[in-house]
Amino acid sequence: MANPVVQAVNVTKTYNRGKPNEVTAVKHASLKIDEGSLVVLKGPSGSGKTTLLSLIGCQTKPTRGEVIIRGKKVSKLPEKFMNQHKRRHIGFIFQHFQLIAGMSVLDNIVLPLIPEGVSPKARNKRADRLLEQFNLAHRRQFKISSLSGGEQQRVAIARALINNAGILLADEPTAHLDSKLTSDLLDYIEQLKQSGHTILITSHDPVIYQNPAVDRVLEMKDGQITS
Amino acid sequence: MISGSWFERQKNIIDYSLQSLLRRRSKNILILIIFILLVFAVSSVLFITESLTQEMMITSNDLPDITVQRIVGGRQANVPASYIPDIEEIPGVEAVETRVWGYFYLASLQANFTIYGMDLNLLEEGEYQKIVNWKNVPDESENQILSTRPDFRMIVGQGVFELLRDIQMEKAYLFYQPTWEKPIPFDIIGTFKTETELQSNDMMILQTEGARRVLELPPDEFTDMAVYVPNPEEIDNIALKIRRYFPELRTITKAQIKNTYSSVFGWKSAFVLSSMLAAIFAFLILIWDKASGLSPEEKREIGILKAVGWDTDVLLSVKLWEGLILSGVSSLAGILLAYTYTFQLRAPGLREIFIGWSAIYPSFQLIPDADPKSLLLIITISVVPYLAVTVFPAWKAAITDPDVVIRNI
Amino acid sequence: MRYSSWLAIVIVAFCLWSGSAYMHFHNRQIESEQQIKLRHQFQKAVGLPNLAITSTARYLRHYSITDLTTPFQDYPASPDHFPAGFAFAPPDYSNMPCPIVFGKPEKLTRANTL
């Protein structure tokens, strides 16, 4: 039995607490993800998938409950240490890619390494390897705004991988892609899985959750994990 | 995961700050230029004020302790010699010096020259000798009119000398007023060295007896008196006594003259600064508008950086470096440009406003004088508020959870 | 080359600029030492105050000891109403007709247009 690298214990997330527009996005959700597995979180929009992914990805703290990443209760850590843990163990691919438009591909990819104090030489070496892997080497100095959607997606993946993080989280990665690009993406995800990454994807796209490479499919509804 | 040293981390942060400044190039260059202009304008006014005031203050301690004038009918009148023994008797007075001086209006140049009468033989002795460029006095045989009569000699300032040379009177000058029977010739036996031109430029120092003739001053009367008091604590008391004994006399102490010295350029600088006030405020508002607050794009950028694992303090250091680089570079450049403009280029434009219009100008090379306190003040009032208006909104954006960014585009 | 190296170059350039300004400052101070010495002597010999930067009127040349009723003595903060307060010379009034000419109204109007 493999170790659970990601664990959520009874997490609840309430936004705008005490205000009239209070919303509980995730209610008492618990999950365990084993090392090296590919898990898909599916469900209709507004079911709390993205919030749960944010909680696991250390983008926000749960109102109640605990998130444990590689044995560390990150939800209880001060922000600085949570961020450090996040930088070292989690790569996040955002739904809208969240790249900085005015910057070059290379500069976007190395963003997570800057606060770590990695020298530009080491940064570029690592980025070049990823650019090669994702077939972006010819776009190295291009501005993000001049790239196509598929290229932006690949830049986002490369940025998530630059830390050599073992855990990869992707929020609706196929939402902006056509079927050709979606199958390309699936190829990449399979490659990553084979290289030992633990991957958690939220999606309501059947192409993703019906893919044979997927180990587990969890379904969410109204902030709760139903299966 | 490779982690670099603290130093490498700071270098990365500075790199990112500069990159981010360059990415918003047009906005930041505008701020930079306006910032430099503002600092430049304010500091050149301060520089020229301080250095002009300093020019006057340098010699203020060599002034007579008390200048005594006689006021009749609200105007200055000649002082009869009868006052001298009475003032000399006041305890604490070391000496009373009578002075003969006045102005000579040269209609063709529309300029007033200051005529000061003194014993020129005094200038030939000791230290005083060095302030005069002595000229060869023409022989009696050479010219009948320009005889070396001891009472009709004079030493002129460089500015006067140049004007007289233009009208070929550099050896002797004929003073003339329409009411006089005939002109009075004076031999020019020397000029004051250019080093003293800020004081001597428009001066004609005549032998006392000759000066009396030119100024039409009756014998036994003087223009005013200089009273010397060895004990500086006593100056005000003695001035008070003089006024009590002789209500018609007016006393001007050294301290009062220094007061006018410090205020004359002070109010000019206030005048210049207040006339620039509208422009200064307009530019400040422009900088405020450009620099403060964050555009949605900048907010998004901060969110993305937080989402990829940047700490709040790293984000704040980035913003701090951005502000520090921009405001530091511009205030330093502004001050250095102001220095070059004021002391190396001699403040064209500003100088005319400060010294005013005049018929003869001294060549006017100012001795640089910069008060480190005011430099520090300029830097503080330009850098600190800029940092405050740029870092505070960034801090507000940086403390929000990054998942807000993930939800919104 | 990385941006922080450029910043270092800019800082070095500023240091050099400040250094040259300081050298100028220092040299001028040394040069002016002799000048100040001579000016002390001049001031001792001739006890009149103020700088010879304007010689337009007697109340401007030695305003510190001028008549009580002249503008500056009245109130040092009073607005700038003497001619040396401007950067340019006052206009030449010497050839202007007298603005008040009794019994000759046509000359009056001409004077006003000037």
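Bear in mind that the values in this text are calculations on the coordinates, not laboratory data. The model shown is predicted, which means the values in this text are computed figures rather than measured ones. Cβ atoms come from the backbone with ideal geometry, glycine included; neighbour counts cover every protein chain shown.
Summarise the partner chain shielding of C:23-29 as one whole number: the mean count of Cβ atoms from other chains within 10 Å of each residue's Cβ.
Values: counts 0, 5, 6, 1, 1, 7, 3.
That works out to 3 on average.
If you place +1 on the Cβ of every Lys and Arg, -1 on the Cβ of every Asp and Glu, and leave all else neutral, what size is the dipole of region B:95-228 about its Cα centre, to the nearest 20 Debye?
Numbers: 11 positive and 22 negative charges, 49 e Å.
The calculated dipole for region B:95-228 is roughly 240 debye.
Output the pairs from A:Lys72/A:Lys121; B:Lys373/B:Lys396; A:Lys73/B:Lys396; A:Lys27/A:Lys76; A:Lys27/B:Lys306; A:Lys61/B:Lys11 with a Cα-Cα distance over 29 Å in this structure; if there are none, say none. Show your work: numbers first, answer last.
Numbers: A:Lys72/A:Lys121 31 Å; B:Lys373/B:Lys396 34 Å; A:Lys73/B:Lys396 27 Å; A:Lys27/A:Lys76 18 Å; A:Lys27/B:Lys306 25 Å; A:Lys61/B:Lys11 31 Å.
Correct reply: A:Lys72/A:Lys121; B:Lys373/B:Lys396; A:Lys61/B:Lys11.
Modelled label-to-label distance, C:Gln34 and B:Ala278, 7 Å Cα→beta-carbon offset: nm?
4.9 nm
Which shape class, rounded, prolate or oblate, goes with region B:95-228 when its Cα gyration tensor gives a ≥ b ≥ c as root eigenvalues, a/c under 1.5 marks rounded, and past that a/b bigger than b/c marks prolate?
Values: a/c = 1.29, a/b = 1.10, b/c = 1.17.
Rounded.
Fully extended, how many nm does the chain gain between B:Glu124 and B:Arg165 (0.36 nm per residue separation, minus their Cα-Cα distance)? List each step's numbers first, then the result.
Details: separation 41, 0.36 × 41 = 14.76 nm, distance 2.37 nm.
Additional length available on full extension: 12.4 nm.
Quote the FRET efficiency, to the nearest 0.05, computed for B:Asp62 versus B:Asn259 with a Förster distance R0 of 22 Å and r equal to the Cβ-Cβ distance. Before the final figure, lay out the partial values.
Working: r = 17 Å, r/R0 = 0.77.
The value I calculate is 0.85.
Starting from 0.36 nm per residue, how many nanometres of slack lie between A:His138 and A:Lys125 once their C-alpha separation is accounted for? Intermediate results must be reported in sequence, preceding the final value.
On the way: separation 13, 0.36 × 13 = 4.68 nm, distance 1.52 nm.
Gain on stretching A:His138 to A:Lys125: 3.2 nm.
Using only Cα atoms, locate the centre of region B:1-55 and the centre of region A:45-62, then give the distance between them in Å, rounded to an integer.
Each part reduced to its Cα centre gives a spacing of 41 Å.
Where does the charge balance sit around B:Gly309 when Lys and Arg score +1, Asp and Glu -1, over other residues with C-beta under 12 Å from its C-beta?
Net charge around B:Gly309: +3.
What is the magnitude of the charge dipole of chain B about its Cα centre, with +1 placed on the Cβ of each Lys and Arg, -1 on the Cβ of each Asp and Glu, and no other charges, expressed in debye to the nearest 20? Write down the numbers at each step before the final one.
Numbers: 36 positive and 48 negative charges, 481 e Å.
Its charge dipole is roughly 2320 debye.
Count charges around A:Ser37 for me, please; just the other residues with Cβ under 15 Å from its Cβ, Lys/Arg as +1, Asp/Glu as -1.
Values: positive: A:Lys32, A:Arg70, A:Lys193, A:Arg216; negative: A:Asp34, A:Glu35, A:Glu190, A:Asp215.
Charge balance in the 15 Å sphere: 0.
Take C:Val10 and B:Gln10, extend 7 Å from each Cα along the Cα→Cβ direction, and tell me the distance between the two endpoints in nm.
According to this spin-label approximation, the distance is 1.8 nm.
Using a cut-off of 15 Å between alpha-carbon atoms, which aspartates and glutamates can reach B:Lys258, once sequence neighbours fewer than 8 places away in the same chain are excluded?
In chain and number order, the partners are B:Glu50, B:Glu55, B:Asp62, B:Asp65, B:Asp236.
Cα centroids of region B:216-246 and region A:152-227: how far apart, whole angstrom?
With region B:216-246 and region A:152-227 each reduced to a Cα centre, they are spaced 100 Å.
With the cut-off at 1.5 for a/c, could you classify region B:32-184 from its C-alpha gyration tensor as rounded, prolate or oblate?
Verdict is oblate for region B:32-184.
Starting with the highest mean, order B:320-330, B:124-134 by the number of other Cβ atoms within 10 Å, averaged over the residues of each peptide. Intermediate values should be presented prior to the final figure.
On the way: B:320-330: 20.7, B:124-134: 14.5.
Ranked from most to least packed, the peptides come out as B:320-330, B:124-134.
Nearest 10 degrees, 0 to 90: what angle lies between the long axis of helix B:372-398 and the longest principal axis of chain B (Cα atoms)?
That works out to roughly 20 degrees.
Explain nothing, just compute: Karplus ³J(HN,Hα) = 6.51 cos²θ - 1.76 cosθ + 1.60, θ = phi - 60°, for every residue of region A:14-19 in order, whole Hz, x for Gly and Pro.
Using θ = phi - 60°, the values come out as 10, 8, 6, 4, x, 9 Hz.
Over all residues in A:59-66, what is the mean tally of Cβ atoms on other chains that come within 10 Å of each residue's Cβ? Spell out each step's value before the answer.
Working: counts 10, 6, 2, 0, 0, 0, 0, 0.
Per residue, the average neighbour count from other chains is 2.
Taking the Cα centre of the protein assembly as shown as the origin and placing charges on Cβ (Lys, Arg +1; Asp, Glu -1), which of B:Val156, B:Ala394, C:Ser18 is farthest toward the positive end of the dipole?
Of the options given, the answer is B:Ala394.
Give me the dipole magnitude in Debye, nearest 20, for the protein assembly as shown about the Cα centre, with unit charges on the beta carbon: positive for Lys and Arg, negative for Asp and Glu. Mind dumping the intermediate values first?
Values: 77 positive and 75 negative charges, 988 e Å.
Using Cβ point charges on Lys, Arg, Asp and Glu, the protein assembly as shown gives about 4740 debye.
Taking 0.36 nm per residue of separation and subtracting the Cα-Cα distance, what length does fully extending A:Glu35 through A:Ala101 add?
Values: separation 66, 0.36 × 66 = 23.76 nm, distance 3.41 nm.
Separation in residues times 0.36 nm, less the Cα-Cα distance, equals 20.3 nm.
What does the average come to when, for each residue of peptide B:112-119, you count the partner chain Cβ atoms lying within 10 Å of its Cβ?
Working: counts 8, 3, 8, 0, 4, 0, 3, 0.
Neighbouring Cβ atoms belonging to other protein chains average 3 per residue here.
B:Asp220 label point, 7 Å along Cα→Cβ, cut-off 12 Å on backbone N: hits in region B:65-85?
B:80-83
When the Karplus curve 6.51 cos²θ - 1.76 cosθ + 1.60 is applied with θ = phi - 60°, which whole-Hz ³J(HN,Hα) does each residue of region A:67-83 get, with x for Gly and Pro?
Couplings: 10, 10, 10, 6, x, 10, 7, 5, 5, 9, 7, x, 3, 4, 6, 4, 4 Hz.
Once Lys and Arg get +1 and Asp and Glu get -1 on their Cβ, which of A:Gly223, C:His62, B:Ile257 lies farthest toward the positive end of the dipole of the protein assembly as shown?
Farthest towards the positive end: A:Gly223.
Quick check for you: which residues of region A:58-93 have the amide N under 19 Å from the point 7 Å beyond the Cα of A:Thr24 toward its beta carbon?
A:61-67
Which net charge results for the neighbourhood of B:Ala370, defined as the other residues with beta-carbon distances under 15 angstrom from its beta-carbon, given Lys and Arg at +1 and Asp and Glu at -1?
Values: positive: B:Lys373, C:Arg28; negative: B:Glu50, B:Glu55, B:Asp369, B:Asp371.
Value of the local net charge: -2.
Between helix B:312-339 and chain B, what is the angle of the helix's C-alpha long axis to the longest principal axis, kept within 0 to 90° and rounded to the nearest 10?
20 degrees
Listed highest first by mean packing, meaning other Cβ atoms within 10 Å per residue, what order do A:75-85, A:56-66 come in? Numbers along the way, then the final one.
Numbers: A:75-85: 16.5, A:56-66: 21.5.
Packing proxy ranking, top to bottom: A:56-66, A:75-85.
From the residues A:His89, A:Pro112, A:Ile68, which one has its Cα farthest along the dipole of region A:32-131 in the positive direction, the dipole being from +1 and -1 charges on Cβ of Lys/Arg and Asp/Glu about the Cα centre?
A:Ile68
Can you compute the modelled spin-label distance between A:Lys73 and A:Thr12, with each label point 7 Å from Cα toward Cβ, in nm?
Those two pseudo-labels are separated by 1.7 nm.
What is the angle, in °, between the Cα long axis of helix B:254-275 and the longest principal axis of the Cα atoms in chain B? Nearest 10 is fine, range 0 to 90.
40 degrees
Give the peptides B:161-169, B:272-280, B:61-69, A:104-112 in descending order of average Cβ contacts within 10 Å, highest first.
Working: B:161-169: 14.6, B:272-280: 12.8, B:61-69: 21.7, A:104-112: 23.3.
Averaged packing, sorted descending, gives the order A:104-112, B:61-69, B:161-169, B:272-280.
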